[in-house]
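Read through the structure below, which is laid out as structure tokens, and then see the notes.
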């Protein structure tokens, strides 16, 4: 079992070293793939996980980088570089709020690009890459939109920025080939390579004229041929043929010896594998138990991170109803630590201000459009976020009153009059109540 564990660690370290070399060569995509393989063989390889987080950070994926560093710190809390990286990120004022805003803006630009608003998406993406130059996803989307718009030179510049950061990014290389084809650059490079490896044509002055010789007669030519063939046959029989036979015999003997050695090695390896086979099941069970324990420890963090990201993505794309519905279902106890607490604070700010007002406006629009049931649902959703807002309460009460649901409406009017007497809606409630 110990030998098997050491083997997994050696393989993991080998992939980590390869990933480190790729990262030093600015091949971030290739490096990330090798580091992920390293973690498949040894999830506790914190050097690989920390480097993967640095690569994500360099590519503009700050949230993914934080996830890797937090997992690394949980696995090995003692003298872990991940602690330093997290502290560096947290020292930067408002970085989590800024990243959430950039993510929201990118998601909105992606939604616009997918639904025919490419001009708005281009404006948003240019703002994103100006504020965050190393955001590779934004630069790739920007280059793609430039290509669709026929702005090939600008697309090439955006792709060069990507390749400066990640020199072997697959999508960037594919799009760059398309840029070269459209601009004629591909043909120029092809001709340049063709000229570099082509042979120089021989000029007339390069021809060397042989000295004049006396021509032999036909009989002399035939005699010379016969003598040459005879001498060649004699030389072959006396020297070359025996040497070839000895060479063939030596090669055959070497092949037999090599095959014997390989067969012996295979037999020994087979015996070794047979002895290890029974212990592999126990190793697998132990690894499965450790993986299960790890996943249980980090399940709450991962689940909450996904929920908060989903909410940010929903209101970033304009789907405030979905964002509010998910927001009301959050278990706040699991978001008490960074970076989740900062993400939740940003979402709270949005939902209690822009999100709440948007829901009230949508409810009024639905009421004006004759969708009374939908209007009531939107008002209820808004009041679930802020139950003390007198305007939302008054609008819902008036909606109920318009449906002859007088008792329910009067109950809400009484709350406005009794609990918000200084509000301008208190007087309106009294008038609607008939006081």
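The values are calculated or read from the model by the stated rules, or taken from the named source; none is laboratory data. Note that the structure is a prediction, hence the values are computed from the model and not measured. Neighbour counts run over all protein chains shown; Cβ positions are idealised from the backbone, glycine included.
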Residue in the range 361-383 that is within 30 Å of residue 300 (Cβ to Cβ) and either touching a residue at least 24 places away in the same chain (Cβ under 8 Å) or touching a strand residue (DSSP E or B) at 6+ places or on another chain (Cβ under 6 Å) (or both) present: yes
Got a sec? Which of 336, 387, 341 is surrounded by fewer than 16 Cβ atoms within 10 Å (Cβ to Cβ), more than 33 Å from the chain's Cα centre (by Cα) and outside the structural domain of residue 86 (by TED's automatic domain parsing)? 387
Over the range 68-119, the set of residues in a helix (DSSP H, G or I), exposed (fewer than 15 other Cβ atoms within 10 Å of the Cβ) and without any contact (Cβ under 8 Å) to a residue 60 or more places away in the chain is 84, 87, 88, 91, 114, 119
The conditions are (1) within 22 Å of residue 327 (Cα to Cα); (2) surrounded by 19 or more Cβ atoms within 10 Å (Cβ to Cβ), and residue 374 fails exactly one of them. Which is it? (2)
Based on this model, can you work out whether residue 404 counts as outside any helix (DSSP H, G or I) and over 30 Å from residue 89 (Cβ atoms)? yes
Only residues that are within 22 Å of residue 80 (Cβ to Cβ), over 16 Å from the mean Cα position of the chain (by Cα) and surrounded by fewer than 21 Cβ atoms within 10 Å (Cβ to Cβ): list them for the range 15-38, please. 17, 20, 24
